[in-house]
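Structure, as structure tokens:
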Amino acid sequence: MPPLPNQPADRQGRALLEARPLVVERGVSRYAEGSARLRLGHTEILATVSIEAKVPPHVRGKREGWLMAEYSMLPRSTQDRMNRERNLQNGRRHEIQRLLGRVFRVALDLSHFRNQTLIIDCDVLEADGGTRVASVMAGYAALHDLCDRQVKAGTLTDWPIRSPLGAVSVGLVGSDIRLDLDYSEDARARADLNVIVTGEGKVVEVQGGAEGEAIAPDLYIELLRAGVGGAGTLLASLQRQL
């Protein structure tokens, strides 16, 4: 049976505005204070949270802690082996790490972690598009695991997460707006955005734009709306599994 008009053959049966299946498991690391493994289609992320009993100089003396994030792609996370990321000047890596740090600091009330630094490591085990949005959700799941453990242990008396985080990519492939692009779609997209939202549907961050040719503002807004809706749907799935 041929695909329906809104189910292109290269989407493996997915409708244009349908995300890939999301599966998450938390508590997967024996040693980390919080952890989660998340799969979005064929993209798979391992996220861990570590706590250090110190803060950077700009936070010292304040009644709060700090949070930072690191992101890395493993050598065989892609079709061809890539070298390990030993170069600290890798621009893409730094960009994603800054994004992750910003959004996690929005989600978490750091006053509950005074004089402590939370380090969230997001490692890409397998990449098929959307690694940064999958890292957002994997990192949030690991934070949820950390907070749940600490509340149950009595280390924390209040729930410190202000809001859950959902994220998705959305792009313009040909004349179609498509949600949650895999690698083959991302490589052909005329425009693409990464959209991150809270549980209330508020926008935390939007990254991206046109590729090679400018697009109309109305089309950009349409992409953003599709992304907000899709990120909310993925977040609902994530919350049910947590």
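The values are calculated or read from the model by the stated rules, or taken from the named source; none is laboratory data. Values in this document were obtained by computation on a predicted structure and should not be read as measured data. Heads up, the Cβs are rebuilt from the backbone with ideal geometry, glycines too, and the neighbour counts pull from every protein chain shown. Accessible surface is based on the protein model in full, side chains and every heavy atom, while ligands, DNA and RNA are left aside. Shrake-Rupley method; radii C 1.70, N 1.55, O 1.52, S 1.80 Å.
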Worksheet item: Within segment 6-50, can you find the residues that are part of a loop (DSSP other than H, G, I, E, B) and open to solvent by less than 40 Å² (accessible area, probe 1.4 Å)?
Response: Pro8, Arg14, Ala15, Leu16, Ala19, Arg20, Gly27, Ser29, Ala32, Gly41
Discussion item. Residues that are touching a Pro at 6+ places or on another chain (Cβ under 8 Å), surrounded by fewer than 20 Cβ atoms within 10 Å (Cβ to Cβ) and over 20 Å from Arg105 (Cα atoms): does segment 208-218 have at least one?
Written reply: no
Worksheet item: When the residues of segment 133-174 are filtered to those that are over 25 Å from Arg114 (Cα atoms), of a type in the set (Gly, Ala, Ser) and more than 11 Å from the chain's Cα centre (by Cα), which remaining residue is most open to solvent (accessible area, probe 1.4 Å)?
Response: Gly174
Discussion item. Looking at (1) among the hydroxyl-bearing types (Ser, Thr, Tyr); (2) surrounded by 15 or more Cβ atoms within 10 Å (Cβ to Cβ); (3) over 26 Å from Leu238 (Cβ atoms), which one does Thr198 not meet, given that it meets all the others?
Written reply: (3)
